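Encoded as structure tokens, the structure appears first; notes follow it.
The values are calculated or read from the model by the stated rules, or taken from the named source; none is laboratory data. All of these numbers come straight from a predicted model, not from anything done at the bench. Here the Cβ positions follow ideal geometry from the backbone for every residue, glycine too, while neighbour counts run over all protein chains shown.
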Amino acid sequence: MKNTKKISRTSAAVYIILTLFFLLAPIFFKSRTWLNSFVMIFVSVVGTTSLRTIALSGNMSFAHSAFIGVGAYTAGILGKELGLSIFLSIPLGALAAMLLGLITGWPFARLRSIYFCMGSMFMGVAIIQFISAMKITGGAIGLQKIPSMSKALTGLFKGEVASAFLDKLGLGGVQLSYYFFLLITLLCMVILYRFEHSRIGWTLRALSQSPEVAASIGINERFYRQMSVGIGTFCAGIIGATYAHYSTTLSPNGYSMGNTLWLIMYMMIGGQGNFIGPIIGAILLELINQIPSLLTAMSGRPGVSVEFIAFSRFVGRYSAYTPFLTAVALLIVAYIFPGGLVSIPSLIRESSKRRKERKAVVLAEGGEDDAA
Amino acid sequence: MLLETKNLTKRFGGLTVMNNINLTLNKGEILGLIGPNGAGKSTFFNLVTGVLSPTSGKIYYDGKDITRLKPHRVAALGIGRTFQLNPLFGEFTVFENVVAAHHLHPHSSVIDVYFNTKKYRENEKKVVESTEHILELLGLSHVKDELAKNLPHGYQKLLGVARAVATQPRLLLLDEPLGGMNPEEIIFSIEVISKLQDSGMTVLIVEHNMQILDLCDRVFVISFGEKIFEGTPAEVRNDETVIETYFGGVAV
């Protein structure tokens, strides 16, 4: 049975390596620019994985970034206007996104394929337009002066002993925020992983293959679709809310439909078939997206060679071609590895197995010829 | 009486596909629902299982009004069904198809499932046992690890029945269970259906293949949405209206 099948050794290794890498990253990447890029990766990873959770039932939501935005704006406004602590505003942001997801998901639960796509797409656009039109959100300019997470987190370690301890470990506000972000990301991953690998994820897969058969064996389509929407938008909301307190400024552009399209792209290139696919896709492609800003930041440092600055300018100028290159990457994936980037190891394994078999056949035939 | 329809009528636009059908089904019997193509047999199934709602009329199951109930609620009440075109969970193996069909029984709450509680694990053990038993009954044990979409047609039909049986129904609706089967498979399927009756299930069969008549306790014949005959299989064979409309005027 799929739901009780043990996790493969390769993917377990990848999960451990990734977690260790991001745990140790602040030791090797001390600059804020790098940590900012990693945080953007976390947002993309959670966004993509939670989007895939919704897509498990066979429907692709085009409003997902908008729900990340709802979480972000709710937490930001609650923190700024009511002065709530981040430990309240972040869960409330997540709940707000989930609530909106469930309310809008109710009528959508009966829609399939293109109807669901178009419906969710316009829902997402509408949400962002509401955010841009409202006063409390800062409108099109954006929300500013959101209470910063780093202050709230360093505030937890009051007293000389605690702050001396932090200094010893080399943990400033930035590093603390990074680790908090990582914690929320891992939490989301555990929630979503368990969801998919329990019988619930399995039921959703059944639903995506044939809704009519699913109904005939007693599966309540609306209930299960709503469950995946609820858990998906909750994770989207919580990562958005965390980001709001990390960056302290929000702009509605960051949550437009274009961003959802990126998430879908990450998912398709990484591989939609299993849990690890969108994680790999999001990490690799978001890292590529971050290269121009990383290079710009690096070339601002003292003692950088002229060639490096020229190179970073060159990359910066051509970063407008990223969407084009990503589309090319998608084509390559679709033609060569239809299972996504994560299917490469198993493809290699299979092809080497086939080669061995062919060799064995050739040898056997050769043997027969000799006998004849 | 397990199932009863009262003046069941269904119209699609101006077309009446089911007109005032009063059908009763007694506990434990096998009723054959036969009629030429387009007679409204599959429509009848879809009305009973809630896939379609009737234009007028009522459907009672075990004395309870189930008209306009959603399909998953109908399944939960103990009505299992197969489909004529036989859709499957094609990407699941045969075994997984039947495991998935244990959605209702034994019941595990979503919380139990998510947190993998002791109750859920015990239930899963029961599911595996029951799945193996059902596959054995339907002669599918030797293909249990094949993907459902790769099975030959006859096996796919049997898998449809296995899936319906896994919902532990009291009433089983079989939509052309013998369609496209070879003679051996037909004999085997008829055996299986009579075994299911022996285990206490009530069965309603829609079928073209007249070999099914031997299995039925009663036969209900419809044509263009109207009932034209009801009686025993022997009577059907001798009834002139039935012979005229269904067998094209040649007695069998």
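Please determine, by comparing only the residues of the stretch B:64-82 that are part of a loop (DSSP other than H, G, I, E, B) and surrounded by fewer than 24 Cβ atoms within 10 Å (Cβ to Cβ), which one is modelled with the lowest pLDDT.
Of all residues in the stretch B:64-82, those part of a loop (DSSP other than H, G, I, E, B) come to B:66-70, B:77-78, B:82.
Pick out the ones that are also surrounded by fewer than 24 Cβ atoms within 10 Å (Cβ to Cβ) and you get B:66-70, B:77-78.
Details: B:66: 93, B:67: 92, B:68: 89, B:69: 93, B:70: 93, B:77: 94, B:78: 93.
This residue is B:68.
Is it the case that residue A:163 is more than 8 Å from every other protein chain (Cβ to nearest Cβ) and surrounded by fewer than 20 Cβ atoms within 10 Å (Cβ to Cβ)?
Numbers: more than 8 Å from every other protein chain (Cβ to nearest Cβ): yes; surrounded by fewer than 20 Cβ atoms within 10 Å (Cβ to Cβ): yes.
Against the criterion (more than 8 Å from every other protein chain (Cβ to nearest Cβ) and surrounded by fewer than 20 Cβ atoms within 10 Å (Cβ to Cβ)), residue A:163 qualifies.
Quick one: which residue in A:135, A:151, A:145, A:168 is among the basic types (Lys, Arg), more than 21 Å from the chain's Cα centre (by Cα), closer than 24 Å to residue A:237 by Cα and assigned to a helix (DSSP H, G or I)? Break it down stepwise before answering.
Details: A:135 fails: assigned to a helix (DSSP H, G or I); A:145 fails: assigned to a helix (DSSP H, G or I); A:168 fails: closer than 24 Å to residue A:237 by Cα.
From the options A:135, A:151, A:145, A:168, the qualifying one is A:151.
For residue B:10, indicate whether it is buried (at least 22 other Cβ atoms within 10 Å of the Cβ) and either more than 18 Å from residue B:171 (Cβ to Cβ) or not assigned by TED's automatic domain parsing to the domain that holds residue B:223 (or both).
Yes, satisfied.
Taking the conditions exactly as written (of a type in the set (S, T, N, Q), closer than 13 Å to residue B:225 by Cα and modelled with pLDDT under 90), does residue B:16 satisfy them or not?
Working: of a type in the set (S, T, N, Q): yes; closer than 13 Å to residue B:225 by Cα: yes; modelled with pLDDT under 90: yes.
Criteria met by residue B:16.
Is it the case, given these coordinates, that residue B:78 is away from chain A (no Cβ under 12 Å), among the small types (Gly, Ala, Ser) and under 21 Å from residue B:165 (Cα atoms)?
On the way: away from chain A (no Cβ under 12 Å): no; among the small types (Gly, Ala, Ser): yes; under 21 Å from residue B:165 (Cα atoms): yes.
Against the criterion (away from chain A (no Cβ under 12 Å), among the small types (Gly, Ala, Ser) and under 21 Å from residue B:165 (Cα atoms)), residue B:78 does not qualify.
Which condition number does residue B:172 fail, the rest of (1) under 25 Å from residue B:106 (Cα atoms); (2) free of Cβ contacts under 8 Å to residues at least 40 places away in the same chain; (3) in contact with a Lys or Arg (Cβ under 8 Å, 6 or more places away or on another chain) being met?
Status for residue B:172: all satisfied but (2).
Which residues, taken from the stretch B:93-110, are more than 7 Å from chain A (Cβ to nearest Cβ) and not in a helix (DSSP H, G or I)? Can you show your working first?
To start, the set of residues in the stretch B:93-110 that are more than 7 Å from chain A (Cβ to nearest Cβ) comprises B:93-95, B:97-98, B:102, B:105-109.
Within the stretch B:93-110, B:93, B:105, B:106, B:107, B:108, B:109 meet the criteria.
Does any residue of the stretch A:52-72 turn out to be out of contact with any helix residue (DSSP H, G or I) (no Cβ under 8 Å at 6 or more places or on another chain) and either under 27 Å from residue A:220 (Cα atoms) or buried (at least 19 other Cβ atoms within 10 Å of the Cβ) (or both)? Lay out the reasoning, then the answer.
Let us first name the residues in the stretch A:52-72 that are out of contact with any helix residue (DSSP H, G or I) (no Cβ under 8 Å at 6 or more places or on another chain), namely none.
Taking every residue of the stretch A:52-72 in turn, none turns out to be out of contact with any helix residue (DSSP H, G or I) (no Cβ under 8 Å at 6 or more places or on another chain) and either under 27 Å from residue A:220 (Cα atoms) or buried (at least 19 other Cβ atoms within 10 Å of the Cβ) (or both).
Can you name the helices (runs of 4 or more DSSP H) wholly within the stretch A:227-319 that have at least 2 residues being more than 14 Å from every other protein chain (Cβ to nearest Cβ) and modelled with pLDDT of 90 or more? Outline the logic, then answer.
Working: elements: A:257-270, A:276-299, A:306-318.
Per the criteria, A:257-270, A:276-299.
Please go through (1) in contact with a Leu (Cβ under 9 Å, 6 or more places away or on another chain); (2) in a loop (DSSP other than H, G, I, E, B) for residue B:85 and return the number of the only condition it doesn't satisfy.
(1)
Being farther than 19 Å from residue A:75 by Cα and of a type in the set (Gly, Ala, Ser) is the filter here; which residues of the stretch A:122-154 pass it?
Selection gives A:126 alone.
Just give me the residues in the stretch B:36-60 being crowded, with 22+ Cβ neighbours inside 10 Å and of a type in the set (Ser, Thr, Tyr), in sequence order.
Selection gives B:49 alone.
How many residues are part of a loop (DSSP other than H, G, I, E, B) and of a type outside the set (A, V, I, L, M, F, W, C) when one looks only at the stretch B:1-41?
Let us first name the residues in the stretch B:1-41 that are part of a loop (DSSP other than H, G, I, E, B), namely B:1-2, B:13-14, B:22-23, B:26-29, B:35-40.
Checking which are of a type outside the set (A, V, I, L, M, F, W, C) leaves us with B:13-14, B:22, B:26-29, B:35-38, B:40.
Count: 12.
Under 7 Å between Cβ atoms, at least 6 apart or on separate chains: pull out the pairs that start in the stretch A:130-152 with a residue that is on the phi > 0 side of the Ramachandran plot and end on any residue that is assigned to a loop (DSSP other than H, G, I, E, B) and of a type in the set (Val, Ile, Thr).
A:142/A:249; A:145/A:248
Yes/no per residue for (1) touching a strand residue (DSSP E or B) at 6+ places or on another chain (Cβ under 7 Å); (2) modelled with pLDDT under 90; (3) not in a helix (DSSP H, G or I):
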position: B:113; (1), (2), (3): no, yes, no
position: B:116; (1), (2), (3): no, yes, yes
position: B:126; (1), (2), (3): no, no, no
position: B:133; (1), (2), (3): no, no, no
position: B:181; (1), (2), (3): no, yes, yes
position: B:189; (1), (2), (3): no, no, no
position: B:197; (1), (2), (3): yes, no, no
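Return the only residue of B:15, B:23 being within 18 Å of residue B:173 (Cα to Cα) and either out of contact with any strand residue (DSSP E or B) (no Cβ under 7 Å at 6 or more places or on another chain) or assigned by TED's automatic domain parsing to the domain that holds residue B:194 (or both).
Working: B:15 fails: within 18 Å of residue B:173 (Cα to Cα).
It is B:23.
Got a sec? Which of B:212, B:228 is over 25 Å from residue B:79 (Cα atoms) and crowded, with 16+ Cβ neighbours inside 10 Å?
The unique qualifying residue is B:228.
Answer with yes or no whether residue B:109 is free of Cβ contacts under 8 Å to residues at least 24 places away in the same chain and either among the polar types (S, T, N, Q) or touching a Cys at 6+ places or on another chain (Cβ under 9 Å) (or both).
Criteria met by residue B:109.
So residue B:144 clears everything in (1) surrounded by 20 or more Cβ atoms within 10 Å (Cβ to Cβ); (2) of a type outside the set (Gly, Ala, Ser); (3) within 14 Å of chain A (Cβ to nearest Cβ); (4) touching a strand residue (DSSP E or B) at 6+ places or on another chain (Cβ under 7 Å) except one condition, right? Which one?
Among (1) surrounded by 20 or more Cβ atoms within 10 Å (Cβ to Cβ); (2) of a type outside the set (Gly, Ala, Ser); (3) within 14 Å of chain A (Cβ to nearest Cβ); (4) touching a strand residue (DSSP E or B) at 6+ places or on another chain (Cβ under 7 Å), the lone unmet condition for residue B:144 is (1).
Would you point out which residue out of A:76, A:83 is in contact (Cβ under 8 Å) with a residue 40 or more places away in the chain and in a loop (DSSP other than H, G, I, E, B)?
Numbers: A:76 fails: in a loop (DSSP other than H, G, I, E, B).
Step by step, each of A:76, A:83 is checked, and only A:83 is in contact (Cβ under 8 Å) with a residue 40 or more places away in the chain and in a loop (DSSP other than H, G, I, E, B).
Kindly indicate whether any position in the stretch A:81-95 is within 16 Å of residue A:232 (Cβ to Cβ) and among the hydrophobic types (A, V, I, L, M, F, W, C).
The answer is yes; a qualifying residue exists.
Just to be sure, is residue B:99 crowded, with 19+ Cβ neighbours inside 10 Å and either in the same structural domain as residue B:40 (by TED's automatic domain parsing) or of a type in the set (Asp, Glu) (or both)? So that I can check it myself, show each step before the final result.
On the way: crowded, with 19+ Cβ neighbours inside 10 Å: yes; either in the same structural domain as residue B:40 (by TED's automatic domain parsing) or of a type in the set (Asp, Glu) (or both): no.
Here the answer is no, as residue B:99 does not meet what is asked.
Answer yes if at least one residue in the stretch A:33-44 is touching an Asp or Glu at 6+ places or on another chain (Cβ under 8 Å), hydrophobic (A, V, I, L, M, F, W, C) and under 30 Å from residue A:291 (Cβ atoms), and no otherwise.
Looking through the stretch A:33-44, at least one residue is touching an Asp or Glu at 6+ places or on another chain (Cβ under 8 Å), hydrophobic (A, V, I, L, M, F, W, C) and under 30 Å from residue A:291 (Cβ atoms).
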